[in-house]
Amino acid sequence: MFMEILGIIIILMALRTLIAQDRAERMLYLNAMGFAISALIVLYIQTPFGAIMAITYFIASTLSSNAIAYSIGRVKKEILVK
Amino acid sequence: MNEVLGIIIAAIICWFNFVLIDTWMGLPENPGVKGAEVIGRAVKKRGGSLAGGFFQGNIVCSPDASAGTLLASVGSYAIGIPEGGLIAATLVYFGNRLCADPGYAGTTGALSITLIIYLTSMVGMKPEFYIVGMVLAIITIQGLAHPTASRLLGKLAQKMGRHTKMT
Amino acid sequence: MIVHVNVLSYLLALGLAVILGLALRLPLLPERPMRYSWSISVIFPTAILSLGFYAMLVQLGYQGLMVAASTGVITALFCKFLLEKLVPRPEDS
């Protein structure tokens, strides 16, 4: 039952990420999705190594979000070159 | 204990654990890194509170008490008590320092929920309830309605004296 | 759910890390306001890391009082000398 709940949450967050207009808003939905995926990893692989994998995945995804959110603020104007 | 009831109780406990610890540790006060400020101002532009927006941005940009709560529950489930929570607290600490955060919120959240998991295990709560409960708790803050959640967090920040002084 | 009852080893690791940290002249508490302070102190993170490292060793199979004692000592030395080099504080803090 836990896996089904988490699976539905992940799909809902993914859909909201696709629909959202604001890039910063997408970061929040992706962050929530990262929580659910990390939980899914450990509930599926129910061993200590599964916990290490879930923890490593979560911290790595937070490091990526840190870098992405930092650059979102620095890119002010996008220039399209045809 | 009935699983649904257990998840709901765990979600409430996890919500208070990470919201109170994060607010106390100053997440609504300052954007820890520039990314958190971007997210905070974007939430404010959509009608939310700036302090609540900084809180949500700080959750994205650094492992905080919410990450500590989730990872300590993960550790307690698959590794055991207390090793799982302590290992999670250590890894969260190093993750924090890599994300330009001193590390107080994450480790405090991890240690407190490890204690709570241990104590409530005697009345039938299991660590897997806390894992799913924490995911549900974070959805209420990061996944439903950002401006509304940020306003709630802003009011709490004001009550605890941690509201931001930036505009 | 596994609950280990070797509390004594944990306390030994914690105690040795705290005592050696104080002897190496680490501050007991970080400066106020504590939540923004980057300085390494005895309570944070030395005490927590000593428990965490001993937990990792227990998980890998090395238990006992000698292991706990050496973990406490190594953690205090690590926090005093290596931690700032491994995960340095950012420039703009």
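Rule-based calculations on the coordinates, nothing more; no lab input. The shown structure was predicted, so the numbers you read here are calculated from the model rather than taken from an experiment. Note: ideal-geometry Cβ built from the backbone for every residue, glycine included; neighbour counts use all protein chains shown.
Structure summary
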quantity: Residue pairs, from the table B:Lys45/B:Lys155; B:Lys34/B:Lys159; B:Lys45/B:Lys159, whose Cα atoms sit over 20 Å apart; calculated: B:Lys34/B:Lys159; B:Lys45/B:Lys159
quantity: Loop GluC sites (Glu not before Pro), chain A (other Cβ atoms within 10 Å of the site Cβ: 15 or fewer; DSSP); calculated: A:Glu78
quantity: Value of relative contact order over the stretch B:40-163, rounded to a whole percent, pairs C-alpha under 8 Å and six or more apart; calculated: 33 percent
quantity: Sum of -39500 (n - 2.57) over DSSP H runs of 4+, divided by residues of chain C (222 nm, nearest 500); calculated: -16500 deg cm²/dmol
quantity: Neighbour-count ranking [beta-carbon atoms within 10 angstrom, fewest first] of B:Met25, B:Met134, B:Met1; calculated: B:Met1, B:Met25, B:Met134
quantity: Prolate/oblate/rounded call for the stretch B:31-167, Cα gyration tensor, a/c under 1.5 rounded; calculated: prolate
quantity: Spatial separation of Cα centroids for the stretch B:3-27 and the stretch C:19-86, in angstrom; calculated: 28 Å
quantity: Whole-number percent relative contact order across chain C, with pairs defined as alpha carbons under 8 Å at least 6 apart; calculated: 38 percent
quantity: Value of relative contact order over the stretch A:2-74, rounded to a whole percent, pairs C-alpha under 8 Å and six or more apart; calculated: 30 percent
quantity: Cα shape, the stretch A:2-74, gyration tensor, a/c 1.5 rule; calculated: oblate
quantity: Global form of the protein assembly as shown, assessed from the alpha-carbon gyration tensor, a/c cut-off 1.5; calculated: oblate
quantity: Relative exposure of B:Ser76, B:Ser150, B:Ser121, C:Ser9, judged by other C-beta atoms within 10 Å (fewest first); calculated: B:Ser121, C:Ser9, B:Ser150, B:Ser76
quantity: Theoretical FRET efficiency, 1/(1+(r/R0)^6), r = Cβ-Cβ of A:Ile11 and B:Thr148, R0 22 Å, to 0.05; calculated: 0.45
quantity: Rough spin-label spacing in nm, given labels placed 7 Å along Cα→Cβ, for C:Glu91 and B:Leu5; calculated: 5.8 nm
